[in-house]
Amino acid sequence: MSDILSVALPKGRLGERAYSIFERAGFGCAEIHENSRKLIFDDEIRGIRYFWAKPSDVASYVEYGAADVGVAGLDVLLEQKPEVFELLDLHLGQCAMAVAGRARALDSRGETLKVATKFPNVALRHFSEQGREIEVIKLHGSIELAPLVGLSDVIVDIVETGKTLRENGLEVLETIFDISSRLIVNKAAFRFKNERVLELCRKLEMELAREEKIDD
Ligand code: PRP
């Protein structure tokens with residue numbers, strides 16, 4: 001393995017916020033600010049490589065070692081259960097995983113509950129802990145539509161401000177867990193690039209603590 005530390009960032013606003021913490025912690029990459037469609041950015045002097053991946057794919061890049069570290073939401077981690085180590089809570093992208101639907105949609109026990117979601121494993125685990133049988137309908141977006149048009153009884157989805165639910169006459173029925181972005185590391189990279197990974201982790205932690213102080 002080379003000495004370059006490769007970092008998979010989630011494409012989008014969250015990834016940009018994550019990158020800016022890396023930058024302030026001393027792991028910047030001048031090129032990355034260029035407005036282009038390039039996906040990979042190297043800073044040879046700092047020995048760091050960044051690439052932008054679809055948020056739900058970041059954990060795969062890290063698990064298979066194509067990236068040493070990455071930034072992934074707890075929603076993706078608990079859905080995919082990748083074989084990676086979780087190092088740090090970056091406190092970004094805070095939201096919650098919830099069961100939502102029309103009021104009382106969970107009341108009719110006995111029948112198999114139809115659950116629409118992008119997170120089938122999370123949904124199955126949550127309801128099996130309650131001993132409740134469900135049928136999962138896997139969707140890829142606009143999940144709130146499903147109970148409105150009779151595709152499902154409820155949804156398991158991410159709730160951030162709650163605005164999408166409110167504007168569609170739906171509500172949170174159960175909160176499953178709180179979500180934030182985590183720094184994850186490939187298991188082999190953690191062993192073979194241990195010093196670099198720990199240095200990154202320590203400096204990110206210091207930067208987060210500094211920002212928290214400023215906010216107080
Ligand atoms: C997410 C989530 C909800 C919405 C919640 O969707 O799936 O639909 O955000 O945000 P709110 O509580 O602030 O309204 P996203 O915007 O990622 O798009 P998607 O519908 O394609 O999944």
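The values are calculated or read from the model by the stated rules, or taken from the named source; none is laboratory data. A quick note: this is a predicted structure, and the numbers were derived from the prediction, not measured. Counting neighbours? That spans all protein chains shown, and the Cβs are built from the backbone with ideal geometry, glycine included. Areas reflect the complete protein model, heavy atoms only, side chains present, ligands, DNA and RNA absent. Shrake-Rupley method; radii C 1.70, N 1.55, O 1.52, S 1.80 Å.
Only bridges whose two residues both fall in the chain count here: according to DSSP, what percent of them are antiparallel, nearest 5? The partial results should precede the final answer.
On the way: 27 of 43 bridges.
If we restrict to bridges inside the chain, about 65 percent are antiparallel.
Residue by residue, what Karplus-based ³J(HN,Hα) values in Hz, rounded to whole numbers, does the range 132-138 have, using 6.51, -1.76 and 1.60 with θ = phi - 60° and x for Gly and Pro?
Whole-Hz 3J(HN,Hα) from phi for the range 132-138: 10, 7, 9, 10, 8, 10, 7.
Give me the one-decimal nm value for the distance between modelled label points at R125 and T161, 7 Å along each residue's Cα-to-Cβ direction.
Taking the two extended label points, one gets 3.0 nm.
For a quick check: with amide H placed at 1.01 Å from N, whose amide H comes under 5 Å from L87's, ignoring anything fewer than 5 positions away on the same chain?
Result for L87 returns L183, I184, V185.
Please list the non-local residues whose amide H lies under 5 Å from the amide H of L5, H modeled 1.01 Å from N, same-chain partners needing a gap of 5 or more.
Residues meeting the amide H criterion: I48, R49.
If I model a spin label as a point 7 Å beyond the Cα along the Cα-Cβ vector, how far apart are those points for S180 and S56 in nm?
The two pseudo-label positions are separated by 2.5 nm.
With just the Cα atoms defining each centre, how far is the range 80-138 from the range 152-216? Give it in Å.
About 17 Å separates the Cα centre of the range 80-138 from the one of the range 152-216.
Once neighbouring chains are kept in place and the probe is 1.4 Å, which whole percent of the accessible area of the range 124-183 is contributed by carbon and sulfur? Don't jump to the answer; show the numbers that get you there.
Details: 1550 of 3380 Å².
Answer for the range 124-183: carbon and sulfur cover 46 percent of the accessible area.
Collect residues whose amide H, placed 1.01 Å from N in the peptide plane, falls under 5 Å from the amide H of S152; neighbours closer than 5 in sequence don't count.
Answer set, sorted by chain and number: none.
Nearest 0.05, what FRET efficiency do I40 and M206 give at R0 = 30 Å with Cβ-Cβ as r?
It comes out at approximately 0.65.
If you take every DSSP beta bridge whose two residues both sit in the range 95-178, what share of them, in percent to the nearest 5, is antiparallel? Can you show the working numbers first?
Details: 12 of 20 bridges.
Around 60 percent of the beta bridges assigned by DSSP in the range 95-178 are antiparallel ones.
Got the relative contact order for the chain handy, in percent, Cα pairs under 8 Å and 6 or more residues apart? Walk me through the numbers before you get to the answer.
Details: 398 pairs, mean separation 59.0, N = 216.
Computed over the chain, the figure is 27 percent.
Add -39500 (n - 2.57) for each DSSP H run of 4 or more in the chain, then divide by its residues: what number comes out at 222 nm, to the nearest 500 deg cm²/dmol?
Working: 8 runs with 69 residues, N = 216.
After summing the helix terms and dividing by the residues of the chain, the value is -9000 deg cm²/dmol.
For the range 19-71, run through the trypsin sites (Lys or Arg not before Pro) and keep only the ones in DSSP coil with at most 10 other Cβ atoms within 10 Å of their Cβ.
Details: sites: R24, R37, K38, R46, R49; in loops: R37, K38, R46.
Filter output for the range 19-71: R37.
Suppose the Debye formula is applied to equal point scatterers at every Cα of the chain; what is log10 I(q)/I(0) at q = 0.16, 0.17, 0.18 Å⁻¹?
The Debye formula, applied to the Cα set alone, gives -1.03, -1.10, -1.18.
With every protein chain left in place, what is the accessible area per residue of the range 95-178 in square angstrom, probe 1.4 Å? Can you show the working numbers first?
Working: 4640 Å² over 84 residues.
Accessible surface, normalised per residue, equals 55 Å².
Between A30 and E199, what is the FRET efficiency for a Förster distance of 25 Å, r being their Cβ-Cβ separation, to the nearest 0.05? Can you show the working numbers first?
On the way: r = 20 Å, r/R0 = 0.80.
So the FRET efficiency works out to roughly 0.80.
Can you tally the net charge around K187? Count Lys and Arg as +1, Asp and Glu as -1, for every other residue whose Cβ sits under 14 Å from the Cβ of K187. All intermediate terms of the calculation are to be shown ahead of the outcome.
Values: positive: K81, R191, K193; negative: E63, D68, E83, E86.
Surrounding charge for K187 is -1.
If exposed GluC sites (Glu not before Pro) are those in a DSSP loop with at most 13 other Cβ within 10 Å, what is the longest stretch of the chain that has none?
Numbers: sites that count: E34, E44, E83, E111, E133, E160, E167.
Result, exposed sites excluded: 168-216.
What does the convex hull of the Cα atoms of the range 1-64 come to per residue, in Å³, rounded to a whole number? Please list the in-between numbers first.
Working: hull volume 5.8 nm³, N = 64.
Taking only Cα atoms, the range 1-64 has a hull volume of 91 Å³ per residue.
Checking the cross-link filter: which lysines have an alpha carbon closer than 25 Å to that of K203, excluding same-chain neighbours under 8 positions apart?
Here the lysines satisfying the reach criterion relative to K203 are K11, K187, K193, K213.
How would V136, V84 line up by accessible area, probe 1.4 Å, largest first?
Values: V136 45, V84 25 Å².
So, going from the largest accessible area down, we get V136, V84.
If the reach is capped at under 17 angstrom between alpha carbons, list the lysines near K118, excluding any in the same chain fewer than eight residues apart.
Once the sequence-local lysines are set aside, what remains near K118 is K54, K81, K138.
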